[in-house]
Structure formats: C-alpha cells, structure tokens
C-alpha cells in the first residue's frame with residue numbers, strides 16, 4: 001500500500017511545477033509573434049514590451065526636417081535604432097525656417113490646422129510660426145501601442161488606408177508625396193519632400209523643369225495657377241505666369257486693407273483680442289499630464305493655448321515636453 005505521506009508529497013511537487021511553468025509564460029516574449037500571456041496582444045503591441053528596444057517606431061522619415069520657432073529639426077537615427085527629430089538648430093544671418101530649412105523669406109507650406117503623419121510614430125500639424133508663415137510642426141508623438149494614420153495616432157488595429165500604395169501627389173507648395181504602407185497594415189501619405197534642384201513636382205512625381213523658348217530652364221515656384229496664399233499676415237500673393245518664361249511663379253504681394261490681416265489665403269478684419277499666453281511656441285504641462293503649446297489656433301490675431309496632447313504610456317510631461325520615464 002502506498003504511503004499517504006508520499007502521495008501528498010508527490011502531488012505538492014507536481015502542483016508547484018505547474019505553477020512555476022505558468023509563471024514562466026506570464027510575461028510576453030517580444031519577438032516570437034505569439035500571444036504568450038494570453039491578453040490578446042502580441043509582441044510590440046503588448047504593454048509588457050513597451051520598453052523593449054526593438055519595439056520602437058520611427059518618429060520621422062529619413063532625410064526629412066521640420067521647423068519650429070527655435071530653428072530646424074532634422075531626422076536622425078536615435079540610439080534605439082529608430083529615427084527621431086533632433087533638437088532645433090537656430091537659423092542665423094537674418095534667415096527664418098520655412099519648409100524645414102533656413103531661408104531669407106518664408107512661404108506658407110500648408111493650410112492652418114491640417115494634420116499629416118511624419119512617420120509611423122508621429123504626426124505634424126500646420127501652425128503659424130513666429131515668421132508669420134504656416135508650416136508643419138510636430139503635433140503628436142504616438143505611444144508604443146499606437147501608430148499614426150490620417151494625421152492622428154490611433155490603435156494598431158484601428159487604422160484606415162488613406163491612399164493606394166505607390167500613388168503620388170503634389171502639395172500646394174510644390175512638394176511630392178508618395179503613398180506608403182505603414183507598420184499597422186494600412187497605407188498613408190509619406191511626409192512631403194521637395195524635388196531636387198532642376199526638378200518640379202508634376203502629377204505626383206518629380207520631373208525635369210520646363211525648358212523656356214530661349215533654351216534655358218525654369219523652375220515652377222508654385223503648382224496651381226490662381227492659388228492664393230498669405231504673404232505673412234499683412235497681405236496675399238497669387239500663383240501664375242507673370243514673366244516671359246513658361247513656368248509658374250508667385251506674384252507681387254498685395255497688401256491687406258487697414259485693420260485686416262491675412263489667414264488661409266484671404267484678408268479679413270482683425271478681431272480685437274488679448275493674448276492668453278506668450279511667447280508663441282512656448283510649451284507647458286497640463287494638469288492632465290499632457291502638453292500644450294502657445295500659438296494662434298483660431299481666427300483672431302491673438303495667441304492662445306492649444307488643445308492638450310497626451311504623453312505616451314511610458315512618458316511623463318516635464319517642462320512642457322513628454323519624456324521617457
């Protein structure tokens with residue numbers, strides 16, 4: 001007859017082994033495409049893997065650059081192996097940042113309030129800079145469990161394709177955009193990039209610039225004849241052919257009337273208001289733990305705080321910036 005004591009000892013050891021086995025798979029393995037812990041999330045989409053180095057996502061595209069009131073931010077490869085924007089480098093010699101580079105005179109690069117993914121892990125929003133022109137600035141940084149789709153961060157599995165992969169289009173500023181596949185399985189427009197010298201964007205692709213009747217080459221300064229943009233906040237200018245070559249260029253600025261200012265390509269009466277914050281570009285942490293910035297986000301000429309942008313799951317707001325914790 002078996003001893004009850006030996007049987008009890010055997011059952012205890014067997015139960016302990018099973019518990020230990022379950023404990024070994026209670027945490028997600030981040031590289032095996034398997035839902036190890038049974039929570040419905042696999043590898044990099046599982047919170048257990050948010051701090052895993054290989055689970056980072058690019059927050060800008062190779063070769064791209066963005067403007068801020070502090071200067072030019074260039075896309076570089078971070079220590080994680082993924083791409084991220086550098087700290088701003090100030091423009092000098094009387095130049096201002098426009099279209100991601102330092103120039104003598106800025107031009108509007110987008111329409112106020114528009115949003116655009118700058119990579120799988122971040123978006124940009126069109127805002128008015130201190131130069132007076134509208135440009136793409138960093139809008140939202142996606143958490144490790146989200147990717148950018150249609151200009152906003154959303155769950156990995158809840159995206160919507162924005163275009164057909166491989167398609168191209170030209171932006172109003174003359175940049176080219178290509179439709180690419182994102183890491184979430186959906187397609188989206190890549191961040192706009194200017195064509196190389198001697199080329200212009202036409203029908204969604206960079207082509208050699210037009211040849212003039214005298215044999216010389218000209219470059220399209222704008223893409224749509226009749227399009228009107230703001231020249232800072234004091235006037236407008238139109239796209240058309242105003243000289244002897246065959247290319248389009250910006251016309252002479254037309255000043256707004258007294259008491260008016262330009263916004264989104266047209267002059268309208270200025271609204272009496274007062275600034276809610278200062279200076280433009282300042283950032284602060286909100287009581288909710290997110291960030292907000294100082295800028296002109298409505299129809300008047302005054303500064304106000306933007307809506308709050310939440311920090312990622314593994315980030316906290318400090319000094320107006322979301323940083324890893």
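Summary of computed values
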quantity: Hits in the stretch 158-178 (condition: farther than 18 Å from residue 60 by Cβ and without any contact (Cβ under 8 Å) to a residue 40 or more places away in the chain); calculated: 158, 159, 160, 161, 162, 163, 164, 165, 166, 167, 168, 169
quantity: Residue within the stretch 135-155 that is over 20 Å from residue 310 (Cα atoms) and crowded, with 19+ Cβ neighbours inside 10 Å present; calculated: yes
quantity: Test: residue in the stretch 102-116 that is touching a strand residue (DSSP E or B) at 6+ places or on another chain (Cβ under 7 Å), farther than 25 Å from residue 262 by Cβ and not in a loop (DSSP other than H, G, I, E, B); calculated: no
quantity: When residues of the stretch 225-266 are limited to those that are exposed (fewer than 14 other Cβ atoms within 10 Å of the Cβ) and within 17 Å of residue 109 (Cα to Cα), the one nearest to the chain's Cα centre (by Cα); calculated: 266
quantity: Residues of the stretch 97-110 that turn out to be touching a residue at least 24 places away in the same chain (Cβ under 8 Å) and surrounded by fewer than 20 Cβ atoms within 10 Å (Cβ to Cβ), as a count; calculated: 2
quantity: Filter pass, residue 91 being over 27 Å from residue 314 (Cα atoms), at pLDDT 90 or above, in a loop (DSSP other than H, G, I, E, B) and out of contact with any helix residue (DSSP H, G or I) (no Cβ under 7 Å at 6 or more places or on another chain); calculated: yes
quantity: Qualifying residue in the stretch 305-316 (condition: in a loop (DSSP other than H, G, I, E, B), in contact with a helix residue (DSSP H, G or I) (Cβ under 8 Å, 6 or more places away or on another chain) and modelled with pLDDT under 85); calculated: yes
quantity: Residue that is farthest from residue 301 (Cα to Cα), among those in the stretch 267-287 that are surrounded by 13 or more Cβ atoms within 10 Å (Cβ to Cβ) and in contact (Cβ under 8 Å) with a residue 60 or more places away in the chain; calculated: 281
quantity: Residue match in the stretch 145-164 (condition: in a loop (DSSP other than H, G, I, E, B) and under 14 Å from the mean Cα position of the chain (by Cα)); calculated: yes
quantity: Test result for residue 78, closer than 24 Å to residue 305 by Cβ and either under 11 Å from the mean Cα position of the chain (by Cα) or surrounded by fewer than 16 Cβ atoms within 10 Å (Cβ to Cβ) (or both); calculated: no
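The values are calculated or read from the model by the stated rules, or taken from the named source; none is laboratory data. A quick note: this is a predicted structure, and the numbers were derived from the prediction, not measured. Positions of Cβ are backbone-derived with ideal geometry, glycine not excepted, and every protein chain shown enters the neighbour counts.
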